[in-house]
Structure formats: structure tokens, C-alpha cells
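Only one structure is covered here, and it is reproduced in the block below.
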Amino acid sequence: MTDPQKRLETMLGKLREKDMRITPQRLAVLKILAESSEHPSVERIYEQVKRDFPTTSLATVYKTIILLKEIEEVLEIGFSDGSSRYDGNKPYPHPHLICTKCKNIVDPDLDSLKDVTTELSKETGFKITSHRLDFFGICSECQKSI
Ligand SMILES: [Zn+2]
Ligand SMILES: [Zn+2]
């Protein structure tokens, strides 16, 4: 996991470069995204922000995330049912392990991915610019309760 404090500073730096106003609510959204390794949904972030800022609207949270997406400071993991989860700690493409029961999403440490990318490029002549790699399964916690 990237140092949450560093992530927050990077996000703030980029937002300031774009002359974007940083309200306390926006800052709260940024903090949650920088600190979380759980890939929260917008609703989840909203619930957390509301604890400190009860007047925050869901739209504010959405708008902040859209802004962060534009400056590539958050990674969106979209699903076919239209739902999305977000990774603000690692805003670049990386593999995900997704539990189909509890919807838990984790970042595996997968060094071999670099080799796969190199191999793919060699084989196909593609210049790989991004990737999307999701593994679906049942996490160890959920396996216990079967
Ligand atoms: Zn699970
Ligand atoms: Zn992730």
C-alpha cells in the first residue's frame, strides 16, 4: 500500500495545479480514498464523509470522484451491473481479486504481471498502455462460513 499521507499530498498538489477549490468535504473524500485499501463505493465514501460533515450530498462525493478521475488520481473499477468501486491509494492499473460473496476487493502483490506485459508486447506488437485484470472468487473469510 502506498503511504496514505503521500497519496493525499499528490492528490492535493494536482488539484491545486488545476486551480480546483478544496473544500473540507472534498478533503474528507480525498482522505478516505488515499487511506483506504478496501476499494470503497461512492455510497460507502458518502456514509463516511457524512459522519463529519452531515450536510454533504452524494452529488458532492460524486463530483469529487469525477474530478479525481479526470486527473487520474483515482482508479475506477466498474462492473457490468453498473456499480463501481474506487482505488485512490493505487490510481494506476493493477490486478484485483474480487470476492463474489462479500464483494471484498483486494490488491494482490503480483510481480509476474510485468513479465506478462512484456511478453504480450513481444508477441502481438502492441504497445501496452493499460490493462484490466480481475480475478473472481470466494475470499478466505467467506469460505469459512460456507
Ligand atoms: Zn468474501
Ligand atoms: Zn486496487
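Just the residues that are loosely packed, with under 12 Cβ neighbours inside 10 Å and either under 22 Å from CYS139 (Cα atoms) or within 16 Å of ligand 1 (Cβ to nearest atom) (or both), please, taken from region 63-101.
GLY78, PHE79, SER80, ASP81, THR100
Of all residues in region 119-146, count the ones that are closer than 24 Å to GLU76 by Cα and not aromatic (Phe, Trp, Tyr).
12
Given ARG26, ARG44, which one is charged (D, E, K, R) and more than 30 Å from SER140 (Cα to Cα)?
ARG26
When you go through ARG7, ARG44 one by one, which is the residue that is within 24 Å of ASP107 (Cα to Cα), part of a helix (DSSP H, G or I) and open to solvent by less than 30 Å² (accessible area, probe 1.4 Å)?
Sole residue among the options that is within 24 Å of ASP107 (Cα to Cα), part of a helix (DSSP H, G or I) and open to solvent by less than 30 Å² (accessible area, probe 1.4 Å): ARG7.
Do you know which residues across region 102-114 are open to solvent by less than 100 Å² (accessible area, probe 1.4 Å) and either part of a helix (DSSP H, G or I) or within 23 Å of GLU73 (Cβ to Cβ) (or both)?
ILE105, VAL106, ASP107, PRO108, LEU110, SER112, LEU113
Go through the residues of region 134-144 one by one and say whether even a single one is in contact (Cβ under 8 Å) with a residue 24 or more places away in the chain, more than 30 Å from ASP19 (Cβ to Cβ), within 13 Å of ligand 2 (Cβ to nearest atom) and touching a strand residue (DSSP E or B) at 6+ places or on another chain (Cβ under 9 Å).
The answer is yes; a qualifying residue exists.
The values are calculated or read from the model by the stated rules, or taken from the named source; none is laboratory data. Keep in mind it's a predicted model, so treat the numbers as computed, not measured. Cβ sites come from the backbone with ideal geometry, for glycine too, and all protein chains shown count toward neighbours. Protein only, heavy atoms only, side chains kept; ligands, DNA and RNA dropped before computing areas. Shrake-Rupley method; radii C 1.70, N 1.55, O 1.52, S 1.80 Å.
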